[in-house]
Every structure is written in C-alpha cells, then in structure tokens.
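Right, one structure below, let's go through it.
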Amino acid sequence: MFKTTSSLKDCQLRAVDGEIGDVRDFLFDDENWTIRYLVVTTGGWLSGRDVLIAPAVLGAIDPAGRTIATSLSRAQIEGAPGVDFAEPVSRQREVEQASHYGWPQYWATPNLWGGAPPPPASPLPPPAPEISAASADRAEEIHLRSSAEVTGYVVGARDGDLGRIHDFIIDDADWHIAHLIIEASNWWFGRKVIISPQAVRRVSWTEQTAEVDLTREQIRQAPEFNPDSVFEDGLHQRLLGYYAALPKEQ
C-alpha cells in the first residue's frame, strides 16, 4: 500500500501493552531512499522524549483511527539507549538501537534491509544479534535525512526550476520512498507533480536543493497525478513505465 509521510505524521503508535506516542518525523537513507526510522514523541509515561522506531516492528496501519501497531512493549522502549536528536544520529547510536531491539543491520550489505528480510518482522523482535565495532566502523558515514527538513527543498529540472518538495509517497511493504511530490507552483499553475527518487541526480544538503534528470515537458506529459485521491498501484506502474521509456540525456 502507498501512503504519504504527511498522512502518517501525528499517527499514534501502540505497543502491545499501551500507547507509545505520536509520529513526528521520518529518517530516510539518502542512498537507497528508504525510511529507516520513525521518530516518535512519547507521552508523559516517558517524560515526552523522542525515540526511534524501525519499520521492522511495525504492524497494521489504521488510517481511519490514525494508529500504527508495533510488536514492542513499553518496557523495551523505556529500556532502549537514548538518542540525542540535537545531533545527526550516528552509526554507533544505530548499532546500540539495533542491539537492544534486534533490528536488522540494514547497513551491513548492499541489500535494502541488510542480511535480514524486509519488514514487517515477526510479532516479537528476534534475539539481539552480535554487532561488532568493526561492522559499525565500516559504515561510519551517515546517510540519514529528516523528511521534515527535506520538505521544502527547491527542485530543478534540466530546463528550470520545478518547485519545492512537498511530500513523500512510501510503499509500506518495504518502506522505500516510491515518489517525491513536488509543488510546481512557479511554472504550472500550482499543480503538484510526482517524480521517482531515481530521477534525482544531485542533492545539495547544504544548499537545500535537488536536481532531477528530466525536463519540465517530460514531467508535464507524465500520467496525471491527483493529490486529492488515493495513490494507486496502477498509477505507480504507469509512471515507472513512462519514465523508463524516456530517452536518456546524452
């Protein structure tokens, strides 16, 4: 199923024995364009601190009730190593979180979710694996980005500005980012268009800009996207086919 990050923001996460808190942000891997963690603000039971929740422990999503189930207990979350969100999440912090919860080490192999199968996982997390310091050192460079921070980045096509990143469409089967929603207010009468992350050829995190390997006209001729309707798998496939058939820039 396809969902936008904005539709999941503020949803309530539930442990097996009570509420956890509300989703406030998503951290995605800028190499594979995959959601690695939900950032959740806990309620008064944990002094309102933020915690990381990996997709591997997520269960059913109830859009109407705005809840997301997890296989975690509140005790597991309470006992997890702390994360300082004032700084980028380091690989060492990821190692500590993975060791505590038994989460897959997605950075360990080129596969989308490391050596483990993609989420969702079993009802209860597996025993914590042994994670060596050497394993963490080999992947020390951090590639986690905040979806809230990236929203608003200016996006440029080959022949001019497209607009700004407005939202992200994710596939909750494996939590990869399937498309970016761009607010094309400065060239197409306020329309919203969608592009695949694979079309992004460069992102400047310091300048807060992105460049896509497409022209405005190629995007204009793409299958129509209605931001007010549910994103369907059929549209996803038509978009993939359309962009795959375009001639590559020489």
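The values are calculated or read from the model by the stated rules, or taken from the named source; none is laboratory data. Here the structure is a predicted model, which means the values were calculated and not measured. Counting neighbours? That spans all protein chains shown, and the Cβs are built from the backbone with ideal geometry, glycine included. Remember, those area values only see protein heavy atoms, side chains included, never the ligands or the DNA or RNA. Shrake-Rupley method; radii C 1.70, N 1.55, O 1.52, S 1.80 Å.
Test Asn226 against the stated conditions and say whether it is in contact (Cβ under 8 Å) with a residue 24 or more places away in the chain and open to solvent by 30 Å² or more (accessible area, probe 1.4 Å). Answer is no for this residue. Every condition in (1) at pLDDT 85 or above; (2) within 16 Å of the chain's Cα centre (by Cα); (3) among the β-branched types (Val, Ile, Thr) is met by Ile142 except one, and the failing one is (1). Pairs are defined by a Cβ separation below 6 Å, a sequence spacing of at least 6 or placement on different chains, a first member in region 171-187 that is over 14 Å from Gly156 (Cβ atoms), and a second member that is basic (Lys, Arg) and not in a loop (DSSP other than H, G, I, E, B); the pairs so defined are Asp172/Lys3; Ile181/Lys192. Scanning region 205-221 for residues that are open to solvent by less than 20 Å² (accessible area, probe 1.4 Å) and closer than 18 Å to Asp167 by Cα yields Ala210, Val212, Ile219.
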